[in-house]
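Bear in mind that the values in this text are calculations on the coordinates, not laboratory data. As the structure is a prediction and not an experimental result, all values here were calculated from the model. Counting neighbours? That spans all protein chains shown, and the Cβs are built from the backbone with ideal geometry, glycine included.
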Amino acid sequence: MRLSQMLSDIHQWWCTYASFQGRALATILLITVFLSLRVLLLRVLHKRVTDATLSYKWRRRMTYVFTVLLVLLIGWIWSDTFHSIATLLGLVAAALVVALRDLVANAAGWAFIHSRRLFGVGDRIEVSGHSGDVIDIRLFEFTMLEVGNWVDADQSTGRIIHVPNGKVLTDPLINYTKDFDFIWNELSVVVTFESNWQKAKSILSSIAASVLADTSTTAREQLKKAAERYMIFFRNLTPIVYTRVRENGVGLTMRYLTRPRERRTTEHRLWEEILLRFADHDDIALAYPTIRYYRRDEGDGRLAKPGDAHEADDHGQKQQG
């Protein structure tokens with residue numbers, strides 16, 4: 001209370017007796033003190049912090065704080081509106097929030113992560129275009145071990161990503177493993193038009209049922225628990241094979257559930273089994289881009305069957321399939 005009264009008396013005396021030259025001199029002195037203090041702190045920062053990126057961030061934050069405080073103090077010198085220390089402290093606090101808004105947002109993001117239980121250490125998430133396994137959560141940032149990117153099937157790249165906690169407040173967050181530890185994956189197999197695609201589809205269904213026998217049961221148990229919190233409903237959790245005509249053959253797409261970290265391993269097992277089973281059947285062949293040549297018969301103008309022509313002559317035409 002005494003400090004507030006003393007500051008009020010000093011400010012009243014200043015407004016009454018101080019001249020314009022006195023205020024200008026005080027402003028110049030204040031700017032000189034702030035600049036000198038900033039230079040001194042920057043020297044200490046350069047000696048203590050060796051990381052260039054971290055040094056840049058601290059230098060930028062220090063500049064924000066010094067600038068805001070300097071503007072407030074200069075305004076206090078030249079204005080007659082600050083009659084109490086409480087008003088000044090309130091403006092200083094607001095200025096600090098503005099200057100350190102990134103840190104405040106990151107701290108709020110940390111509280112949001114823990115209060116809503118968005119993810120925990122060990123979860124696989126995707127945020128701001130980056131995917132990875134969470135390995136650490138701190139007050140201002142969380143750390144992920146990156147997966148995907150140039151590596152196929154969501155396997156680890158070995159890189160560590162530091163993400164500010166404030167990203168969870170502004171960007172969509174995808175959690176691969178929370179509550180329901182399975183994702184849908186698809187494997188596409190294309191057989192030629194001449195193949196017995198019904199037999200191929202039956203073989204694929206048999207392979208999926210044997211390789212993924214335990215997956216559906218475990219997924220169904222987890223789905224019941226997840227349905228208590230979210231409106232999740234899947235009509236069918238067992239593997240299924242869909243049929244579709246492609247440009248170069250009949251497409252058979254196997255859709256199945258798998259754990260995110262087992263996606264590549266499961267696909268590897270399925271493909272090896274498919275190749276072994278298809279090799280036992282002469283009426284099933286995998287399709288690939290081909291070029292077929294047709295020979296035009298000069299006698300009746302009809303196109304000869306593909307099996308009757310091995311190469312095109314000068315009067316032939318080419319069809320790509």
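Using a cutoff of 8 angstrom between alpha carbon atoms and counting only pairs six or more residues apart, the relative contact order for the stretch 118-175 works out to 33 percent.
With the alpha-carbon atoms as the only input, what is the per residue convex hull volume for the stretch 118-175 in Å³?
Working: hull volume 4.2 nm³, N = 58.
About 72 Å³ per residue, rounded to a whole number.
Its convex hull of Cα atoms gives the stretch 131-225 a direction-averaged projected area, equal to a quarter of the hull surface, of 9.6 nm². Sites listed here are trypsin sites (Lys or Arg not before Pro) in the stretch 192-259 whose DSSP assignment is loop and whose Cβ has at most 11 other Cβ atoms within 10 Å: Arg229, Arg235. What the Cβ-Cβ distance of Phe66 and Lys178 gives, at R0 = 45 Å and to the nearest 0.05, is a FRET efficiency of 0.60. Each 5 Å bin from 0 upward holds the following percent of the Cα-Cα pairs of the stretch 183-278: 2, 12, 23, 22, 16, 12, 7, 4, 2, 0.
In this label model, Ser36 and Leu145 are separated by 5.3 nm, measuring between points 7 Å along each Cα→Cβ vector. For the pair the stretch 186-252 and the stretch 97-157, the centres of their Cα atoms are 32 angstrom apart.
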